[in-house]
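All remarks here apply to the structure that follows.
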Amino acid sequence: MCDMWGHTVNRFDLDGTRHVVHTFPDDEDPGGLGWLPDGRLLVVGMDGRCVYRLEGDRAVVHADLRDLAPWHCNDMVVADDGTAYVTQFGFDFFGGSTSMAPTTMVRVSPDGHADVVAGDLSVPNGVALTSDGRHLVVAEPGAGRITRFDVAPDGTLSGREVFAELVPIPDAGWAAPDGICLDADGAVWAAEPLGKRVLRVEAGGRVLDEIAFEAHPLAVCLGGSERRTLFICVAGQYHKAHRDPTPMARIETLTVDVPGAGRP
């Protein structure tokens with residue numbers, strides 16, 4: 001997992017022991033993660049608007065996305081063949097702008113070539129691929145929805161459809177799905193920080209499970225030996241410009257009935 005404001009990529013044992021995999025400079029926040037087929041780790045550089053590839057103790061630029069990403073990059077999922085799909089904010093979120101604008105998803109080929117693969121997305125964040133690689137699911141927190149695409153053998157996307165529209169909690173304004181993952185029944189687990197909850201939703205939007213938190217869940221992933229452990233990144237704060245210097249985030253776990261599927 002990435003500690004964005006701590007500028008590190010960390011690996012945890014199941015007993016909570018932390019191992020620092022890589023430390024970035026203070027002017028780079030690591031974002032989404034994924035692996036190439038040969039096991040090398042890719043890391044989104046949010047501030048640098050790029051994808052890094054970890055080579056031993058070095059982070060080298062795997063793909064420069066500055067021409068395709070006017071503002072911060074965000075999350076990422078990497079397919080079996082090493083093709084990466086990178087999301088981005090599309091506006092100056094960390095600078096305090098409230099003017100959300102439609103933006104794009106970027107595809108990065110295994111050789112580092114980058115192009116736009118989907119447009120008209122509203123602050124796309126969490127992204128996932130089904131086990132067969134034929135469908136991509138992306139959270140659009142700016143629109144309160146989760147969207148699904150068909151994936152062609154060459155990695156292009158088509159057949160866009162709304163997987164689910166989320167209903168906000170009272171007085172929240174809207175629901176903002178953030179990090180997501182998939183399970184073997186085809187449902188989506190989504191962190192929903194504005195509502196301080198994690199949701200499991202099926203196609204069409206029916207909520208199958210809802211778990212409340214006192215802080216802000218930002219990302220979820222199903223793992224463990226049987227992929228029945230739901231790992232939840234929970235943040236005490238998410239306004240970067242006004243954050244407290246004391247770290248307030250943690251990872252929580254719970255056991256679920258339906259195992260994870262796909263990537264991540």
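Details
- Zone residues, region 195-219, relative to E252, backbone N less than 11 Å from point 7 Å out along Cα-to-Cβ: 196-198, 211-218
- With K and R counted +1 and D and E -1, the other residues having a Cβ less than 15 Å from that of A184 yield a net charge of -3.
- Charged side chains reduced to their Cβ positions (Lys and Arg at +1, Asp and Glu at -1) give the chain a dipole of some 140 debye around its Cα centre.
- Charge tally for V116 (other residues, Cβ to Cβ under 13 Å; Lys, Arg +1; Asp, Glu -1): -2.
- Longest stretch of the chain clear of exposed loop sites (GluC sites (Glu not before Pro), DSSP loop, at most 12 other Cβ atoms within 10 Å, sites excluded): 1-213.
- Between V162 and R40, the distance separating the two model label sites (each 7 Å from Cα on the Cα→Cβ line) works out to 4.2 nm.
- Of V201, V20, V77, the residue with the greatest mean-square motion in the GNM of the chain, using alpha carbon springs below 10 Å, is V20.
- Comparing D150, D27, D15 in a Gaussian network model of the chain (Cα springs below 10 Å), the most mobile by mean-square fluctuation is D15.
- Computed from the C-beta positions of E55 and V20 and an R0 of 22 Å, the FRET efficiency is 0.85 to the nearest 0.05.
- A Förster radius of 22 Å, combined with the Cβ-Cβ distance separating R66 from D115, puts the computed FRET efficiency at roughly 0.95.
- Cα gyration tensor, region 1-124 - rounded (a/c under 1.5), prolate or oblate: oblate
- In region 149-207, the trypsin sites (Lys or Arg not before Pro) that fall in loop regions by DSSP, at most 13 other Cβ within 10 Å: R206
Coordinate-derived values only; no laboratory data. Everything numeric in this text was worked out from a predicted model, so none of it was measured. We place every Cβ from the backbone using ideal geometry, glycine too, and count neighbours over all the protein chains shown.
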